[in-house]
Amino acid sequence: MTHDHDLVLRPTPAQTEAALNPPPGRTGGDLVVETLAGLGATTVFGLPGQHALGVFDALRRSDLRYIGLRVENNAGFAADAYGRVTGEAAPLLLSTGPGALTSLAALQEAAAASAPVLAISSQIPARGLGGGRHGYLHELPDQAASFRGVVKSVHTVRTQSQIPSALEAAWKSALTAPHGPVWVEIPQDVLLAGTAIPVVTVGDAFPEELPPRPELTAVAADLLARAARPAIIAGGGVVRADASGKLRKLAERLDAPVVTTFGGKGAFPWTHPLSLQSWLEDRHTTDFLEDADVLLVIGSGLGELSSNYHTFAPRGRIVQIEADLGKLESNHPALGIHADARLAIQALLETVPERRDPTAPARVRAVLARVSDRLASQELTLERQVLASVRKALPADSPSFWDMTILAYWAWSAFDPKGPNHMHSAQGAGGLGYAFPAALGAAVADPTRPVLAVSGDGGALYSIAELATAKQHDLPVTWLIVDDGGYGVLREYMTDAFGETTATATELTGPDFVALAESFAVPALRTTPETLEADLAKALATPGPSVVVLPALLRMFAPTHLR
């Protein structure tokens with residue numbers, strides 16, 4: 001009798017020859033790039049640094065494509081977007097100390113959004129590990145400690161023989177639901193030393209699956225089958241699991257209205273008769289969801305932004321499907337099912353009987369009409385016009401990336417992404433500077449379609465150096481910069497809370513963004529709300545990078561969570 005664990009992959013004659021006679025001149029850095037290639041990586045992001053040069057030297061001898069950005073945090077955002085768009089683990093090469101630490105904000109966003117990033121950092125020489133103060137350049141007593149609270153797993157390599165296994169374990173960790181960033185650090189001397197270890201030719205790139213427990217899906221199916229007013233909240237876990245098609249089948253089988261979270265944009269068709277769209281920051285939507293007798297929450301922890309700032313108080317039974325164990329029942333008691341969204345929805349499709357509710361589409365239309373009436377009662381014509389112009393100008397199959405800016409806050413609720421995995425923002429961790437470098441990462445993943453980045457003038461200054469990256473690699477990214485002369489979101493928050501702003505904090509002296517872009521040889525123009533649609537469409541249709549600057553003072557719609 002043969003067991004699965006008795007099966008051993010036997011090397012081919014060519015692999016045996018390569019193992020017995022590895023090419024000369026290889027180092028620990030070669031083991032890194034060989035392992036990445038064996039796991040299926042084709043592209044890596046990052047910045048070189050003194051301790052990491054062993055890996056960058058090895059890149060010359062590999063087929064991996066290297067995309068170098070100008071700031072480590074921006075390289076992390078680019079890797080984040082590459083991981084979101086492709087579903088693959090995106091390698092991020094960093095150097096020790098300051099270079100590594102500069103990536104922390106990007107890795108926090110990747111963790112919050114479940115983006116698979118494989119961060120590989122150099123370290124001081126191995127003899128210096130352990131917390132002693134040896135005085136090495138970039139030395140930290142415990143570099144990994146800075147990342148343990150951010151990433152899914154930390155892997156410290158001390159010898160060359162550990163490199164393939166550590167990278168393989170990290171790769172699988174990044175791609176096991178919930179996806180997320182992982183951290184690997186390798187000492188400088190380990191990377192630089194010559195190696196006699198055979199060429200790494202293949203790796204186990206298959207992550208662990210996370211199926212639902214069958215007794216729990218049986219209970220969930222029974223609750224949904226007997227529900228009078230079921231509703232569904234679809235979060236980012238649906239998008240990450242590529243489960244949008246299955247979600248639609250389940251919603252149609254149940255006649256259950258669906259609202260998507262801001263991280264779950266595109267998980268359900270915007271114009272579907274059962275679509276409540278993404279109006280989670282609206283009391284009418286909150287009231288509707290509170291009235292559901294069974295609320296199915298898939299791939300969301302019902303955090304601050306997904307619960308109308310924790311004012312959501314459900315009266316019915318909650319069934320929560322979540323791959324992140326820490327989010328399961330963290331905000332509301334529920335029938336908690338720890339599972340990948342795709343596998344859990346499939347299990348429900350196999351067990352839930354069809355139920356009909358001919359009133360569901362009418363109830364959805366009534367909620368959306370009340371939302372529309374509320375917006376119409378406010379003077380928000382400019383904001384709605386600008387967002388509509390962006391939607392008309394952007395091709396339906398193009399992805400968009402949004403910074404923490406007022407137009408993005410509008411887009412969370414009001415923008416139709418036209419498909420799953422098409423709209424991405426930094427709403428997971430909420431840091432500035434995400435949009436443009438992330439858009440560059442998406443363009444690297446698929447250069448056949450234009451990509452849109454949207455920033456405010458404050459956020460744009462975080463990543464302005466990446467205009468050089470966009471030009472160097474001729475990436476088809478159009479960057480829309482809404483210039484309101486300050487941190488517009490914070491300006492509104494301070495005014496609402498205190499009656500006025502601290503002007504030296506919220507008001508900014510900025511550059512001429514058009515002239516600045518042109519200094520990088522990137523085409524740029526200044527537009528108006530009236531000409532935005534045509535100008536943006538033209539920029540998106542033009543090959544290579546471009547910048548469109550819209551001077552405009554936009555306002556947010558009135559909040560509904562303040563009682």
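The values are calculated or read from the model by the stated rules, or taken from the named source; none is laboratory data. Note that the coordinates shown come from a computational prediction; the quantities given were computed from them, not determined experimentally. When we count neighbours, we look across all protein chains shown, and the Cβ atoms used for this are built from the backbone with ideal geometry, even at glycine. We work out accessible area using only protein heavy atoms, side chains counted, and drop any ligands, DNA or RNA first. Shrake-Rupley method; radii C 1.70, N 1.55, O 1.52, S 1.80 Å.
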Item to check | Percent RCO, i.e. relative contact order, over the range 101-231, from Cα pairs under 8 Å lying at least 6 residues apart | outcome: 29 percent
Item to check | Rounded to 10°, Cα long-axis angle of helix 435-445 versus longest principal axis of the chain | outcome: 60 degrees
Checklist entry - Accessible area per residue of the chain at 1.4 Å probe, in Å²? => result 40 Å²
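Starting from the Cα-Cα distance between Arg315 and Thr381, subtract it from 0.36 nm times their residue separation and give me the gain in nm to one decimal. Let's see the in-between values first.
Numbers: separation 66, 0.36 × 66 = 23.76 nm, distance 3.57 nm.
This chain segment gains 20.2 nm when fully extended.
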Checklist outcome for this item: Tilt, helix 163-175 to longest principal axis of the chain (alpha-carbon atoms), in degrees rounded to tens, equals 10 degrees
Checklist entry - Excluding same-chain residues fewer than 8 positions from Lys392, which lysines have a Cα within less than 19 Å of its Cα? => result Lys265, Lys418, Lys538
Checklist outcome for this item: Rounded to one decimal in nm, the spacing of the 7 Å Cα→Cβ label points at Arg61 and Ala145 is 3.7 nm
Checklist outcome for this item: In degrees, nearest 10, the alpha-carbon axis of helix 72-86 is tilted away from the dominant principal axis of the alpha carbons of the chain by 70 degrees
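If you take the beta carbon distance between Glu252 and Ala193 as r and set R0 to 56 Å, what does 1/(1 + (r/R0)^6) give as a FRET efficiency, to the nearest 0.05? Please report the intermediate quantities before stating the final value.
Details: r = 60 Å, r/R0 = 1.06.
The value I calculate is 0.40.
Taking 0.36 nm per residue of sequence separation and subtracting the Cα-Cα distance, how much length would be gained by fully extending the chain between Tyr493 and Arg70, in nm to one decimal? Display every interim value, and only then the final one.
Values: separation 423, 0.36 × 423 = 152.28 nm, distance 3.18 nm.
Going from the current span to full extension adds 149.1 nm.
Within the accessible area of the chain, what % is carbon and sulfur when the probe is 1.4 Å and the other protein chains stay in place? Write down the numbers at each step before the final one.
Values: 12280 of 22410 Å².
So the carbon and sulfur contribution to the accessible surface is 55 percent.
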Item to check | Within the range 421-455, backbone nitrogen closer than 20 Å to the virtual label 7 Å beyond the Cα of Ala505 toward Cβ | outcome: 430-433
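Answer rounded, prolate or oblate for the range 440-516, using the Cα gyration tensor with square roots of eigenvalues a ≥ b ≥ c: rounded when a/c is under 1.5, else prolate when a/b is larger than b/c, else oblate. Could the numbers behind the result be given before it?
Numbers: a/c = 3.70, a/b = 2.31, b/c = 1.60.
Prolate, because a/c is 1.5 or more and a/b exceeds b/c.
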Checklist outcome for this item: By the Cα gyration tensor axes a ≥ b ≥ c (a/c under 1.5 gives rounded; else a/b larger than b/c gives prolate, otherwise oblate), the shape of the range 313-400 is prolate
Next on the checklist: Quick check on the range 403-476: take the gyration tensor over C-alpha atoms, sort the square-rooted eigenvalues as a ≥ b ≥ c, and tell me if it's rounded (a/c under 1.5), prolate or oblate.
Outcome noted: oblate
Item to check | Label-point separation, Asp512 to Arg449 (7 Å along Cα→Cβ), nm | outcome: 3.7 nm
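If you wrap a convex hull around the C-alpha atoms of the range 263-335 and split its volume per residue, what is the figure in Å³?
Values: hull volume 6.6 nm³, N = 73.
Measuring per residue, one finds 91 Å³ for the Cα hull of the range 263-335.
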Item to check | Radius of gyration and maximum dimension Dmax of the range 330-369, Cα, Å | outcome: 14.8, 36
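Å³ per residue of the Cα convex hull, for the chain?
Working: hull volume 96.9 nm³, N = 563.
Taking the convex hull of the Cα positions in the chain, it is 172 Å³ per residue.
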Checklist outcome for this item: With no solvent term and unit scatterers on the alpha-carbon positions of the range 6-159, Debye gives log₁₀ I(q)/I(0) at q = 0.14, 0.17, 0.18 Å⁻¹ of -0.74, -1.02, -1.11
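Just by accessible area at a 1.4 angstrom probe, what is the order of Lys265, Lys538 from largest to smallest? Could you put the intermediate results ahead of the total?
On the way: Lys265 0, Lys538 145 Å².
Output order, biggest surface exposure first: Lys538, Lys265.
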Item to check | Simple spin-label estimate for Arg226 and Phe206 in nanometres, 7 Å along Cα-Cβ | outcome: 4.0 nm
Checklist outcome for this item: The set of residues whose placed amide H lies less than 5 Å from the amide H of Trp402, leaving out same-chain residues fewer than 5 positions away, is His424, Ser425, Ala426, Val454
Item to check | Diffusion constant of the range 156-262 at 4 °C, which comes from Stokes-Einstein with the Kirkwood Cα-pair radius and 1.567 mPa s, µm²/s | outcome: 73 µm²/s
